[in-house]
Amino acid sequence: MRVAVIGAGVIGLSSALCIHEQFHGLVPSLELEVYADRFTPHTTSDGAAGLWQPYLSDHGNLQETLWNKETFEYLLGHMHSAASKEMGLFLISGYNLFTEPVPDPSWKNIVLGFRNLTPKELELFPGYSYGWFNTALMLEGRSYLPWLTNRLTQRGVKFFHKKVESFQELFSQGVDVVLNCSGMRAGDLQPDPELQPGRGQIIKVLAPWVKHFIITHDLKSGIYNSPYVIPGSEFTVLGGIYQHGNWSEESSAKDHKFVWDSCCRLLPALQNAKIVAEWSGLRPARSSVRLERESIRLGNLQAEVIHNYGHGGFGITIHWGCAMAAARLFGSILQEKKQLPAPPGPRL
Amino acid sequence: MASPKVAVVGAGVIGLSTALCITETCPSCSVTVLSDQFSPNTTSDVAAGMLIPHTYPDTAIHRQKQWFKETFTYLFAISNSAEASEAGVHLVSGWQVFKSTPKEEFPFWSDIVLGFRAMSEAELLKFPQHRFGQAFTTLKCDCPPYLLWLEKRLKATGTQMYPRKVADLWELHSEYDIVVNCTGMGAHQLVGDKQLSPVRGQVLKVHAPWVKQFIRDGDGLTYIYPGIHWVTLGGTREKGSWSLCPDAGTTRDIFDRCCSLEPSLQGAQDIEVKVGLRPARQCVRVQREVLSQGGVKLLVVHNYGHGAGGFSVHRGTANEAAHLVRECISALQDSSSRAKL
């Protein structure tokens, strides 16, 4: 049973790990392969700051809220172990700021210690009159992706550095199931007008005195179009750009100025922070995550694709819940192909 | 008296902040700081500089609260300004956890720090040996940056600073009108204060930049305080011990206790061990005194004995000491104008 995962960002690697963990014992012939044209540190996941935080509203998409919750709890469970440092996982508290009162988010009971900001705390942020404080998690791609890669390599999963041009290409080589975790470039494999880039641009600085994340919100301009400061283990990420439909992966001077000026207004001491790098990336935005099976007829064979893409700016936040859902879909494929022992029936 | 000459003895957080308050309260004074140690070799440099007050048994609570409030307000403004990184002042959030529920769930300072509340059940799951906890956000003054920043502010006012070991306050009476005693543990020798005794603290400074939250055991013995460039792991409270030598067994013990609160510290690098003697006293001595010797008077203002709580109350006690200095100046001006009659 050959399974090919397309994509080596957080979605591809975690889906691969989840499937291997759950099924390698049950399916002795399971061979897992990862295909990607970009590996860490060049994936979209590597550019993300790594803060676990869903968007403000789930738009009634309870499925996604559940996947977010599963991810948070999975990560929190790793916090007691010494592996957390290697994973790039750590607790962090911080602020979400608004210019007007807003309803509590779907994730208020998932994070730790969620509460409203006190008047004294709001004094720190002139121009903002309402906000939240909570403790969440950071999962840095620069550490997490190598950690996932190591786990997969230890399990005998093979990696191939190549751009897959079509699902066909893999099926004709004898692959039985394809996991499509191609993120932004899923449209190259199968057109999907719902998948659009949500371009972001960030500045990485040295500001080790900043211990909290600060996310501001401008409800009129939409998510991530308002300054944010997210301290990592080495660098602090300054951001605040979300341009729907913009495919450019090049940094823009105008966006740099917006991010720099607005973050320095938020935290005056940032003026003294040393700029270390600049990056821009494309969030694979979609109205909802595409996580579903698709059967493709190839002659007299039925090939299976499991799509797992379109995680926008919350890939890290939702990844493990999606990986487990993808694994369940894989399980149902195995049952149909009678690769899995049938569940025990009634004893006669 | 045109320009009273004030000598501040001691250049830790108390000496420097007191000198600065004096320049602000008594602009006509000329202030000189004298100390045998300057940053990075003061007791203050060993401390993490966390604003979590120590309770002094013999100081009225309202006075301790006032000191803490003034200090917190002062540092809060700095943390929010462009100078925050240079001054080493930053906000930090975290938890104080207790193995058994404390008598006081809301200490006197709980309405001064930010967002103080009891920890939720979910948060306590991270600490299986602890049954109760408090979550809040407070400030931290990293040293050396904070002391160096105070020195820079002082130099800008024209204050001179000299390395000098003062063995006897009377050495200073001919050059200075008022002496301010901020010698911390040094007061034991300098003014013979036997109520002052060392409480030895050993700490580890480690590189663990992924630790963004403080964790403190309510017993005050185990704590993890993330600073700008390193995390301070503590500690010990050894009453009456004068030893400034790091102890290897203690290092191991501190590291183990901190790792049990925060397992990821196993991966911490570059461990540096430091020792400081907290200048402990039942009450902080912020007091005027007139010393007499053979008909000569020496005006002294004391500001020492802050024990484990120096950073938490430094600005408040510095303000009080500066007011006492102003009272001394008034007294000197009165007696000098009387002398003219």
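The values are calculated or read from the model by the stated rules, or taken from the named source; none is laboratory data. Just so it is clear, the model here is predicted, and its values are computed rather than measured. With ideal geometry, Cβ positions are generated from the backbone for all residues, glycine too; neighbour counts draw on all protein chains shown.
Table for the structure above
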item: Which numbered condition residue B:167 misses (of (1) in a strand (DSSP E or B); (2) surrounded by fewer than 18 Cβ atoms within 10 Å (Cβ to Cβ)); result: (1)
item: Residue list for the stretch A:1-42, filter: polar (S, T, N, Q) and in contact with a strand residue (DSSP E or B) (Cβ under 8 Å, 6 or more places away or on another chain); result: A:15
item: Hey, residue B:116 farther than 30 Å from residue A:267 by Cα, aromatic (Phe, Trp, Tyr) and more than 19 Å from the chain's Cα centre (by Cα) or not; result: no
item: Test: residue A:156 is surrounded by 15 or more Cβ atoms within 10 Å (Cβ to Cβ) and at pLDDT 95 or above; result: no
item: Filter result (over 17 Å from the mean Cα position of the chain (by Cα) and aromatic (Phe, Trp, Tyr)) within the stretch A:227-245; result: A:228, A:235
item: Residues (away from every other protein chain (no Cβ under 14 Å), closer than 30 Å to residue B:230 by Cβ and surrounded by 15 or more Cβ atoms within 10 Å (Cβ to Cβ)) located in the stretch B:149-159; result: B:150, B:151, B:153, B:154, B:159
item: Options A:219, A:206: the member that is farther than 26 Å from residue A:272 by Cα and over 20 Å from the mean Cα position of the chain (by Cα); result: A:219
item: Any hit, the stretch B:297-309, residues being buried (at least 20 other Cβ atoms within 10 Å of the Cβ), hydroxyl-bearing (Ser, Thr, Tyr), under 30 Å from residue A:79 (Cβ atoms) and touching a strand residue (DSSP E or B) at 6+ places or on another chain (Cβ under 8 Å); result: no
item: Where residue A:42 falls short, out of the listed (1) without any contact (Cβ under 8 Å) to a residue 60 or more places away in the chain; (2) within 12 Å of chain B (Cβ to nearest Cβ); result: (2)
item: Total residues in the stretch B:217-236, condition surrounded by 17 or more Cβ atoms within 10 Å (Cβ to Cβ) and either over 19 Å from the mean Cα position of the chain (by Cα) or in a loop (DSSP other than H, G, I, E, B) (or both); result: 8
item: Strands (runs of 3 or more DSSP E) lying entirely in the stretch A:235-301 (those with 2 or more residues that are buried (at least 18 other Cβ atoms within 10 Å of the Cβ) and out of contact with any Lys or Arg (no Cβ under 9 Å at 6 or more places or on another chain)); result: A:290-298
item: The stretch B:196-242: number of residues that are within 14 Å of another protein chain (Cβ to nearest Cβ) and small (Gly, Ala, Ser); result: 2
item: Scan of the stretch B:121-143 for residues that are touching a residue at least 12 places away in the same chain (Cβ under 8 Å), over 29 Å from the mean Cα position of the chain (by Cα) and more than 23 Å from residue B:231 (Cα to Cα), ordered by number; result: B:131
item: Test: residue in the stretch B:112-127 that is modelled with pLDDT of 95 or more, part of a loop (DSSP other than H, G, I, E, B), farther than 29 Å from residue A:82 by Cα and of a type in the set (S, T, N, Q); result: no
item: Unique match (being crowded, with 22+ Cβ neighbours inside 10 Å, over 19 Å from residue A:91 (Cα atoms) and more than 19 Å from the chain's Cα centre (by Cα)) among B:146, B:162, B:176; result: B:176
item: Subset of the stretch B:44-98 (residues that are more than 18 Å from the chain's Cα centre (by Cα), away from chain A (no Cβ under 14 Å) and free of Cβ contacts under 8 Å to residues at least 24 places away in the same chain); result: B:60, B:62
item: Among (1) touching a Lys or Arg at 6+ places or on another chain (Cβ under 9 Å); (2) of a type outside the set (Asp, Glu); (3) more than 13 Å from chain B (Cβ to nearest Cβ); (4) within 30 Å of residue B:82 (Cβ to Cβ) - the single one residue A:157 does not satisfy; result: (4)
item: Subset of the stretch A:221-232 that is within 14 Å of chain B (Cβ to nearest Cβ) and part of a strand (DSSP E or B) - its residue that is nearest to residue B:139 (Cα to Cα); result: A:231
item: Some residue of the stretch A:239-248 being within 14 Å of chain B (Cβ to nearest Cβ), touching a strand residue (DSSP E or B) at 6+ places or on another chain (Cβ under 7 Å) and at pLDDT 95 or above; result: no
item: Count of the stretch B:182-210 residues which are surrounded by fewer than 22 Cβ atoms within 10 Å (Cβ to Cβ) and part of a loop (DSSP other than H, G, I, E, B); result: 6
item: Qualifying residue in the stretch B:148-167 (condition: over 20 Å from residue B:18 (Cα atoms) and not polar (S, T, N, Q)); result: yes
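A quick yes/no check of all residues on (1) surrounded by 21 or more Cβ atoms within 10 Å (Cβ to Cβ); (2) more than 30 Å from residue A:299 (Cβ to Cβ):
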| site | (1), (2) |
| --- | --- |
| A:120 | no, yes |
| A:135 | yes, yes |
| A:161 | no, no |
| A:164 | yes, no |
| A:174 | no, no |
| A:183 | yes, no |
